[in-house]
Each structure stands twice: as C-alpha cells, then as structure tokens.
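Q: Below is a structure I'd like to ask you about.
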There are 2 protein chains.
Amino acid sequence: MGNSRVTLKDLAKELNLSPSTISRAISGHPAISDATRKLVQQKADELGFTPNSIASSFRKKKTQSIGIIVPKIDIHFHSLVISGIEEYAYSKGYNVTIFQSKDSFEREKEITRILQNRMVEGIIICLSNETKSYAHFKKFTKLGVPVIFYDRVPTNFNANKIVINDYESAFKATEHLIQQGCSRIAHIAGNQSTHIFKDRLEGYKTALKKHKLPIDPSLILETKNLTYEEGAECAKKMLALPESPDGLFCSNDYTAISAIQVFQKAHIKVPEQIAVVGFSNYPISRVIEPNLTTINDRAFQMGQAAASLLIRQIDDTDSFVEFETITLKTDLVVRASSMRKASDTKL
Amino acid sequence: MGNSRVTLKDLAKELNLSPSTISRAISGHPAISDATRKLVQQKADELGFTPNSIASSFRKKKTQSIGIIVPKIDIHFHSLVISGIEEYAYSKGYNVTIFQSKDSFEREKEITRILQNRMVEGIIICLSNETKSYAHFKKFTKLGVPVIFYDRVPTNFNANKIVINDYESAFKATEHLIQQGCSRIAHIAGNQSTHIFKDRLEGYKTALKKHKLPIDPSLILETKNLTYEEGAECAKKMLALPESPDGLFCSNDYTAISAIQVFQKAHIKVPEQIAVVGFSNYPISRVIEPNLTTINDRAFQMGQAAASLLIRQIDDTDSFVEFETITLKTDLVVRASSMRKASDTKL
DNA sequence: CTGAAAGCGCTTACAG
DNA sequence: CTGAAAGCGCTTACAG
C-alpha cells in the first residue's frame with residue numbers, strides 16, 4: 001500500500017513553487033497572493049496533502065497539546081472535569097492527552113516524566129491520594145510549562161489551583177438543615193488527611209456554632225473513602241446512639257444515599273425524622289427517592305476553568321503573574337430529602 | 001528563566017562522544033559498552049537530560065499515540081471504556097488523546113482530520129449517532145492506520161469491531177423473566193435506527209417465541225434516547241393498558257430504574273407484580289431498591305480489548321488479516337428486581 | 001564498540 | 001509577493 005504521505009516538497013515540485021511559499025499559503029500567511037493561495041489549496045486537495053503536525057510541532061516547539069492526570073477516569077466527577085477541559089481545549093485548537101495515576105504516587109511521577117518528554121505545553125492534574133511531595137512538578141516550572149491543580153490540590157506549595165469553597169459549601173448545607181428545624185445534626189466526614197474534607201468538617205462545625213448548637217463528637221463519623229458501604233455503617237452507628245440525629249450532612253452523595261436507605265429500612269422517615277444533605281450533585285441524587293438535597297460542585301465548569309486558565313498561561317509567556325487560585329461558586333440544590341418545611345422552599 | 005532543554009548534542013559535547021553514541025546509550029542499544037552507557041546515564045541525570053520524544057517521533061515516524069473519539073466522555077459507559085483503553089495503552093507505552101464528537105457528524109469528521117495530521121498510529125471510536133457515512137475513515141485504511149469501532153459500529157462497512165452480543169444478551173434477559181414465571185413481558189426499546197437496539201428487540205422477541213408466548217405490540221415501547229424521563233412515560237403507558245405486564249425488559253438501566261419508581265408510586269410491587277431487568281450494569285443498579293437485575297456489558301474489558309487489538313494491528317504491519325470483529329461475553333447479573341422465585345437463584 | 005553524515009517535514013529570518 | 005538556506009533534535013544505514 002502506498003502509505004507515504006504527500007509533503008510540502010511534493011506540492012512545491014508539482015507547482016514549481018518553493019516549499020516556503022507552500023508553507024505560507026497553507027498556513028494563511030498574509031504575504032501570499034490570493035491567486036497562489038488558491039492554486040496551492042487546490043493542488044493540496046487534489047493530492048490529498050495534509051500538514052504533518054508532528055513536524056510542525058517539532059520545528060515550532062509548540063505541540064498544541066496538554067496533559068491531564070486523574071486518579072481514575074471512570075469516576076464521574078473526573079469524567080465531567082475532563083469533558084469540560086476537552087471542550088475548551090478543542091475550541092482553542094489544543095489536544096488533550098489523558099493518564100490515570102490510579103492513586104499511585106510512583107505512577108504519577110512516571111507520568112510527569114512522559115509528559116515532559118512529550119513536550120506538552122501545560123498540565124492539569126488532580127493529585128493521587130498518595131501524593132505528599134510535589135518535587136516532580138518543579139521541573140515544569142523551570143521549563144515554563146504551567147501546571148493547574150484541581151480538586152485534590154497541594155498544600156504548602158505555591159501553585160495554580162482551581163477549587164471550590166468546601167468550607168463555605170459545608171456551612172451552607174449545614175445551615176440549611178438548621179433552618180429546616182434540625183437541631184441534632186450528624187456529619188459523615190471524609191478522610192481528614194485530605195484538605196477538602198477537613199474544610200467540610202470545619203464548615204459544618206462553624207454553622208453549628210453560629211446557631212448556638214452543641215458540637216457532639218458522637219455525631220461526627222469519619223470514613224476512609226466515603227464509600228457506599230461506609231455510609232451504611234455510619235448510618236447504623238447513628239441509629240444505635242441513645243438519641244438519634246434529626247439531620248445529616250454527608251461529605252459526598254454516596255454516603256448520603258446509603259444512609260437514607262438504612263434509615264428507610266429501619267422505618268425512619270426521610271426527611272420527616274432525619275433530613276439529609278449530600279455533596280457533589282451526582283446524577284443519582286435526582287433519581288433516589290426522596291431526591292437528594294446536595295451541593296452542586298460544578299465539575300464541568302471546573303474543567304473549563306482549568307483549561308481556560310492553563311491556555312491563558314501558555315499564551316502569556318511573559319506575564320508577571322506567577323500563580324493563580326480560582327475558587328468556583330457552588331450551589332445548594334434543595335430537593336426532597338431535606339424539605340421539612342414545605343412552605344419554606346426558598347430560605 | 002533558562003527554559004531551554006538539554007539535548008543529545010549538549011551531552012555529546014560534555015562527554016566528548018558523538019551524538020550517535022549518546023542516542024544509542026540512552027535508548028539501550030546493545031552495541032554500546034557498559035562503561036559508556038553508565039557514563040552517559042550519569043551525565044544525563046546530572047544535566048537533567050530527558051529525550052525529546054517529539055523529535056524522536058518525527059524522525060521515526062512513530063508517535064506512540066492513539067486517538068479516541070467518543071460522543072461524550074462523562075457518559076459512564078464511555079469513561080469505563082476509556083479507562084480500559086488507557087490502562088492497556090499505558091502498559092504498552094502508548095499515549096491516548098481523547099476527543100468528544102458530541103454526537104455531531106461534522107465534528108467527528110473534523111476530529112479525524114486532526115488525528116491524521118497528528119499522525120496517531122491508531123484510532124478507537126464510538127460513532128456519533130448522526131453518522132451514516134464512513135468515508136472519513138477511508139483515509140486511515142490507505143495510510144495503514146488501524147481503526148477500531150466499538151459499541152456504535154458501522155453497518156455495511158468492513159471494519160475492525162469490538163461488540164457484545166446484544167441479541168443474545170436480550171434473549172438471556174427475557175428468558176430469565178420467563179423462567180421467573182412472567183408471561184406478559186414488556187420491552188422498553190432504544191431507537192430502532194441504531195443497530196444494537198434493534199438486536200435487543202430481536203432477542204426479546206425470539207425468547208418469547210421460543211417459549212410460545214405471544215408478541216404483543218402494545219407491550220413494545222420505543223424511545224428516542226432511553227432517557228430517565230422516557231422510561232417513566234413508558235411505565236405510565238404500561239399501567240394504562242387494559243392488562244398490565246408482569247415482566248419488563250429495558251434496553252438500559254435508566255429506563256428500568258425510572259419504570260420501577262413509577263410502579264412503586266402506583267403501589268405495584270417489584271418484583272412480585274412486575275419483575276424488571278435492565279441493561280448495562282450501571283453503578284446505580286446496585287443502589288436502587290430493589291437492586292436491579294441487569295446485563296453486565298463489560299465496558300472496561302471492551303476498552304482493553306479495543307486497545308489490545310489496535311496495538312496488535314499497529315505492530316503486525318504485514319499480516320494477512322484485514323479486519324477483525326471481537327464479540328465479548330456478557331453476563332446476566334441477577335438481583336432482587338427480578339427474583340420472584342427465592343429458591344431459583346441459579347437457573 | 002564508536003563516529004560522520006544524511007535526513008525526517010516543516011518554519012522563518014533574511015534577502016530581493 | 002516569493003525563494004534559498006538553515007535548522008529544530010533526534011535516528012540509523014554505512015563505514016571503520
């Protein structure tokens with residue numbers, strides 16, 4: 001099979017023009033006459049010429065590609081973020097190469113090496129949960145390759161970050177429960193070695209304090225990974241307490257949903273006896289009965305924001321800004337699982 | 001910032017060796033002495049040399065990268081497939097660049113142009129639902145770039161395909177309902193212009209025929225996109241029939257779940273009064289009450305199989321095989337939503 | 001075991 | 001408006 005591509009030179013020979021002219025005509029250089037441009041275009045179509053962008057990348061030292069590292073692609077949050085990144089990047093002519101760290105620090109390091117060799121122009125990453133040291137990102141700063149962190153971002157390390165306000169969101173969620181008349185509010189917390197879950201716990205506590213409610217340690221249940229199974233365990237522990245809670249704020253939707261199911265099996269009514277709020281607005285939250293009140297964490301927008309910031313930094317090579325942190329708005333999506341006061345839809 | 005990379009030449013100059021030798025030492029060529037190899041390795045680490053794989057790709061005409069086109073990344077099925085692809089590709093040293101067609105034929109064509117220019121060595125794609133013509137893939141055959149289709153694959157077009165046996169899976173699901181004692185089994189079908197949904201309808205019909213059950217057109221409800229909302233509509237239509245069905249096989253899990261919820265609101269017991277089976281084994285199927293019986297379509301394995309076939313074809317440049325179709329096994333995952341005979345767990 | 005040389009397919013500063 | 005020339009950073013067939 002004649003699988004040798006047509007090159008600029010081939011076109012040049014055919015048209016008795018120089019490769020320089022062909023190159024300029026194809027890339028729309030202003031100094032080329034309309035007549036020539038048309039001629040070249042026509043011949044290119046005829047011969048099926050299509051520019052070799054590897055050669056062009058190599059020559060220009062611009063690959064027009066960005067790298068993404070996520071722990072796992074099939075976690076809905078990450079796939080939404082990637083979707084946002086791809087959408088924005090595509091509109092700007094950038095390609096997106098993805099890698100899964102599988103929550104392995106070693107693999108994450110190895111991937112950064114690959115990305116460096118591949119000469120990506122920028123990187124967007126959600127850190128693996130094993131990552132405690134950030135030395136493997138230093139090389140990119142030196143090479144002028146911007147790196148944007150999202151969701152699980154480094155602490156004590158100056159960097160570009162896209163985050164949501166976890167503290168504020170948790171505060172809103174908890175205050176909503178208080179306004180619905182709850183006074184014994186429990187919390188299913190994520191791993192406290194992770195920054196964002198710590199913030200959510202803090203927001204919960206602050207809301208209680210503001211409304212002069214006691215902080216009862218027996219109502220705060222920390223999990224390792226906020227799994228469906230852990231949620232059920234926590235819910236059972238709550239029911240075993242001398243006095244059950246009348247409200248529950250969970251650090252994600254999975255634990256909220258499994259808790260609701262445990263309550264329902266124990267013939268405890270949601271929201272009448274326990275009002276429940278989750279976190280993340282997973283698709284399942286509008287499917288479960290009762291529909292789950294939750295925090296919309298805007299994963300798609302997070303991806304767009306990350307890509308937009310990244311490409312801005314790629315283009316502004318000599319700006320004075322070193323790092324930027326962007327905090328996105330979140331929304332409390334009020335649904336049936338927390339609605340004890342029918343009249344009080346809008347608080 | 002001194003953001004100029006260290007090159008082979010720099011290393012060569014430092015060590016008074018030729019670039020050829022450095023290149024060979026770095027890439028592990030056997031003809032290089034151990035002493036030299038160590039020397040080069042050491043200096044490379046010292047100067048922070050890391051090979052420019054764009055230059056290497058350009059020179060070798062091997063990019064070690066493959067392109068994926070999916071309608072949307074944040075559809076769980078696709079993110080699972082991508083995860084399988086990435087995992088396999090990574091283990092073989094290939095990179096994965098992703099694009100979303102957004103179910104637009106025009107965008108899909110544009111993406112194939114980009115992939116051609118980027119010189120990917122192979123492509124894995126789930127067609128957009130607008131795609132009826134496959135001419136935009138012919139160029140890859142000519143260039144010797146293998147293309148693997150999965151899920152939504154071309155019909156009347158010779159190609160590499162990874163599929164599941166939709167007909168057989170639907171047959172299994174329907175027969176399971178029959179064996180659970182259902183005799184009036186309804187079907188919520190997907191768009192009949194799509195091959196896979198047609199096959200599922202056929203499998204359903206064949207199971208009924210085999211067991212001498214009548215095929216009742218009023219029990220077959222076609223939807224456009226198998227959405228949650230369409231599922232609810234269909235369920236309501238079923239309840240409005242003179243005689244309700246006692247079994248329901250749905251072409252995906254969303255419609256199955258929304259149908260269950262409609263039934264439950266109408267105080268119809270699942271599975272006692274209507275047994276329900278879905279398709280795809282979405283995570284939500286083991287969360288909904290009762291847990292949903294469904295077909296495990298092995299999305300992750302589909303991704304791995306696609307990547308494995310692709311890379312095999314990239315490597316075997318002069319094999320006599322032109323196209324390959326791989327059909328993956330599916331599983332009926334029996335859960336509570338269809339279990340009318342407690343004793344009859346294994347059929 | 002090591003080196004000199006050519007070249008992959010573009011782009012661009014320089015010249016006219 | 002067009003062309004000649006150099007070069008991006010590698011790899012590899014050829015030679016010794």
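Q: Considering only DSSP beta bridges where both residues belong to chain A, give the percentage that are antiparallel (nearest 5).
A: Percentage antiparallel, nearest 5: 10.
Q: Using DSSP to define loop residues, name the GluC sites (Glu not before Pro) in region B:210-300 whose beta-carbon has at most 13 other beta-carbon atoms within 10 Å.
A: Hits after loop and neighbour filter: B:243, B:272.
Q: Just to be sure I understand the curve: with the Debye formula and one point per C-alpha of chain A, what is log10 I(q)/I(0) at q = 0.07, 0.08, 0.16 Å⁻¹?
A: These q points yield log10 I(q)/I(0) values of -0.42, -0.52, -1.27.
Q: Over region A:8-51, calculate the relative contact order: mean separation of alpha carbon pairs under 8 Å at least 6 apart, over the residue count, as a percent. Spell out each step's value before the answer.
A: Working: 31 pairs, mean separation 16.9, N = 44.
Here the relative contact order equals 38 percent.
Q: So what are the ³J(HN,Hα) numbers for region A:192-208, from phi and the Karplus equation (6.51, -1.76, 1.60; θ = phi - 60°), rounded to whole Hz, Gly and Pro as x?
A: Per residue, the Karplus-derived 3J(HN,Hα) values read 6, 7, 9, 3, 5, 6, 4, 4, 5, 4, 4, x, 4, 4, 5, 5, 4 Hz.
Q: Can you tell which of A:98, A:32, A:306 lies farthest toward the positive end of the dipole of chain A, using +1 and -1 charges on the Cβ of basic and acidic side chains (Lys, Arg; Asp, Glu)?
A: In chain A, that residue is A:32.
Q: Taking H as built 1.01 Å from N, whose amide H comes closer than 5 Å to the amide H of residue A:163, not counting residues under 5 places away?
A: Sorted by chain and number, the residues that satisfy this are A:326, A:327, A:328.
Q: Name the residues whose placed amide hydrogens come within less than 5 Å of the amide hydrogen of residue A:148, ignoring near sequence neighbours (fewer than 5 apart) on the same chain.
A: A:123, A:124, A:125
Q: Hey, another quick one. Quick one: accessible surface of residue B:202, probe radius 1.4 Å, all protein chains present, in square angstrom to the nearest 10.
A: Accessible surface of residue B:202 is approximately 80 Å².
Q: Further question: Rounding to the nearest 20 debye, state how big the charge dipole of the protein assembly as shown is about its Cα centre with +1 on each Lys and Arg Cβ and -1 on each Asp and Glu Cβ.
A: The dipole of the protein assembly as shown has a size of about 1280 debye.
Q: Cross-link list A:61/B:62; A:237/A:329; A:139/B:60; A:9/B:61; A:329/B:102; A:102/A:265: which exceed 24 angstrom alpha carbon to alpha carbon? Write down the numbers at each step before the final one.
A: Numbers: A:61/B:62 18 Å; A:237/A:329 33 Å; A:139/B:60 27 Å; A:9/B:61 17 Å; A:329/B:102 26 Å; A:102/A:265 35 Å.
Result: A:237/A:329; A:139/B:60; A:329/B:102; A:102/A:265 exceed 24 Å.
Q: Per residue of chain B, what 222 nm ellipticity follows from adding -39500 (n - 2.57) for every DSSP H run with n ≥ 4, rounded to the nearest 500?
A: That calculation yields -13000 deg cm²/dmol at 222 nm.
Q: Something else about it: If you filter region B:126-207 for trypsin sites (Lys or Arg not before Pro), then keep DSSP loop positions with at most 13 other Cβ within 10 Å, what is left?
A: Answer by residue number: B:132.
Q: Can you find, among B:244, B:191, B:20, the residue farthest towards the positive end of the dipole of chain B? Put +1 on the C-beta of Lys and Arg, -1 on that of Asp and Glu.
A: Farthest towards the positive pole: B:20.
Q: Explain nothing, just compute: Karplus ³J(HN,Hα) = 6.51 cos²θ - 1.76 cosθ + 1.60, θ = phi - 60°, for every residue of region A:135-145 in order, whole Hz, x for Gly and Pro.
A: Per-residue couplings from phi come out as 4, 6, 9, 4, 4, 6, 4, 4, 7, x, 9 Hz.
Q: Which number do you get for Rg(Cα) / (2.2 N^0.38 Å) in region B:8-51?
A: Dividing the Cα Rg of region B:8-51 by 2.2 N^0.38 Å gives 0.97.
Q: Let me understand region B:178-266 better: what is its radius of gyration from the alpha carbons, and its Dmax, in angstrom?
A: Here Rg and the maximum Cα pair distance are 12.3, 34 Å.
Q: Then there is this: Label-point separation (nm) for residue A:6 and residue A:45, each offset 7 Å from Cα along Cα-to-Cβ?
A: 1.2 nm
Q: Further question on the same structure: With a cut-off of 8 Å between alpha carbons and a minimum separation of six or more residues, what is the relative contact order of region A:226-347 in percent?
A: 25 percent
Q: Along each of its three principal axes, how wide is the spread of alpha-carbon positions in region A:1-155, in whole angstrom units, largest first?
A: 60, 35, 32
Q: Plugging the Kirkwood radius over Cα pairs into Stokes-Einstein for region A:253-314, at a temperature of 10 °C and a viscosity of 1.306 mPa s, what D comes out in µm²/s?
A: This corresponds to a translational diffusion coefficient of 120 µm²/s.
Q: Further, regarding this structure: Angle check, please: helix A:76-91 long axis (alpha carbons) against the longest principal axis of chain A (alpha carbons), in degrees 0 to 90, nearest 10.
A: Roughly 30 degrees between the two axes.
Q: Next up: With a 1.4 Å probe on protein heavy atoms only, work out how much accessible surface B and A bury together, total over both chains, in Å² to the nearest 100.
A: Details: alone 18180 and 18220 Å², together 31450 Å².
That pair of chains buries around 5000 Å² in total.
Q: With a bin width of 20 angstrom, please list the P(r) values of the protein assembly as shown as percents of all Cα-Cα pairs, from the 0 bin to the one holding the largest distance.
A: 16, 43, 32, 10, 0
Q: How many Cβ atoms of partner chains, on average, are near each residue of A:73-81 if near means within 10 Å of its Cβ?
A: Counting other chains' Cβ atoms within 10 Å and averaging over A:73-81 gives 6.
Q: Region B:222-347: D in µm²/s via Stokes-Einstein (Kirkwood Rh, Cα pairs, 37 °C, 0.692 mPa s)?
A: On the way: Rh = 16.5 Å.
Estimated diffusion coefficient is 199 µm²/s.
Q: What length, rounded to one decimal in nm, is gained on full extension from residue B:20 through to residue B:215, with 0.36 nm per residue of separation minus their alpha-carbon distance?
A: 62.8 nm
Q: Tell me which residues come under 5 Å, amide H to amide H, from residue A:275 once H is placed; ignore anything under 5 positions away on its chain.
A: Answer set, sorted by chain and number: A:247, A:248.
Q: Mind jotting down the distance between the C-alpha centroids of region A:132-148 and region B:212-288, whole Å?
A: 52 Å
Q: Karplus couplings for region A:117-129 from phi (6.51 cos²θ - 1.76 cosθ + 1.60, θ = phi - 60°), rounded to Hz, Gly and Pro as x?
A: Per residue, the Karplus-derived 3J(HN,Hα) values read 4, 6, 6, 4, 8, x, 9, 10, 9, 9, 4, 5, 6 Hz.
Q: How far, in nm, would the chain grow between residue B:183 and residue B:165 when pulled straight, counting 0.36 nm per residue and subtracting the alpha carbon separation? Walk me through the numbers before you get to the answer.
A: Details: separation 18, 0.36 × 18 = 6.48 nm, distance 2.43 nm.
So the extension gain works out to 4.0 nm.
Q: May I pose another question? Could you tell me which trypsin sites (Lys or Arg not before Pro) in region A:214-311 are loop residues by DSSP with no more than 14 other beta carbons within 10 angstrom of their beta carbon?
A: A:224, A:269
Q: Hey, what's the per residue convex hull volume over the C-alpha atoms of region B:108-163, in cubic angstrom?
A: 74 Å³
Q: If all Cα-Cα distances of region B:98-195 are sorted into 10 Å bins from 0 onward, what percent lands in each bin, rounded to whole numbers?
A: Reading upward from the zero bin: 13, 39, 23, 15, 8, 2.
The values are calculated or read from the model by the stated rules, or taken from the named source; none is laboratory data. Treat the numbers as computed from the prediction; the structure is a model and nothing was measured. Heads up, the Cβs are rebuilt from the backbone with ideal geometry, glycines too, and the neighbour counts pull from every protein chain shown. Please note that ligands, DNA and RNA were not included when accessible areas were found on the heavy atoms of the full protein model with its side chains. Shrake-Rupley method; radii C 1.70, N 1.55, O 1.52, S 1.80 Å.
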